[in-house]
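Q: First, the structure itself, so that you have it in front of you.
The values are calculated or read from the model by the stated rules, or taken from the named source; none is laboratory data. Keep in mind the model is a prediction, meaning the values are calculated, not measured. Neighbour counts are summed over all protein chains in view; Cβ atoms, including those assigned to glycine, are modelled from backbone coordinates with ideal geometry.
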Amino acid sequence: MSHEPQRTRPPLFSQIDVSPTAYAAPPSGRQDIEQTRLLREILAAQDRQNELLEEMVGQLSASQRQRANELGQWKQANPHLARSCRAAAEALGKVQTEFLESLTAEVSANYENFLDGDFMLNEFVDRFGPRMAHLNGLLQVLSQLSATPNPAGAPNAP
């Protein structure tokens, strides 16, 4: 066994003296002016950013209101179709529940195989993934087309 001289490592933590000293000079007037100028520039930039955010929110909410109005008009023009969409959404919701039960049973039965190799996981995703995505998309469309319109000023239901 050979003995190597121990290397000294610098400490992970060091002490820093943060106590005020008698040597600290107050900032000069020029530094105060510069700091004030920088703070004013930051404030102006934040004000501009807030204005832009308010404008963006206004644009988004206007677009959403327009879409809701168009959807409400469509529902009024097609009440029978809206009721059919409601029935289809409820039936498809039951199908989705059954599908989710089979999906979770498959995961419970094969989760170890999914961990062992990518092949089984890829097969699972290929088998269930697209169907789940399409089913969710269909349910979302049917739900939007069949939802009863909210009275003016009422919050949207999740």
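Q: Scan the stretch 112-146 for residues that are polar (S, T, N, Q) and touching a helix residue (DSSP H, G or I) at 6+ places or on another chain (Cβ under 6 Å) and jot them down.
A: Asn113, Ser143, Ser146
Q: Of Ala105, Ala82, Ala91, Ala109, which residue is assigned to a helix (DSSP H, G or I), out of contact with any Gly (no Cβ under 8 Å at 6 or more places or on another chain) and in contact (Cβ under 8 Å) with a residue 12 or more places away in the chain?
A: So the residue among Ala105, Ala82, Ala91, Ala109 that is assigned to a helix (DSSP H, G or I), out of contact with any Gly (no Cβ under 8 Å at 6 or more places or on another chain) and in contact (Cβ under 8 Å) with a residue 12 or more places away in the chain is Ala82.
Q: Can you tell me which residue among Gln96, Gln59, Gln46 is at pLDDT 90 or above, surrounded by 12 or more Cβ atoms within 10 Å (Cβ to Cβ), out of contact with any Cys (no Cβ under 9 Å at 6 or more places or on another chain) and not hydroxyl-bearing (Ser, Thr, Tyr)?
A: Gln96
Q: Right, here's the next one. Return yes when Leu115 is hydrophobic (A, V, I, L, M, F, W, C), touching a Phe, Trp or Tyr at 6+ places or on another chain (Cβ under 9 Å), in the same structural domain as Cys85 (by TED's automatic domain parsing) and part of a helix (DSSP H, G or I) and no when it is not.
A: no
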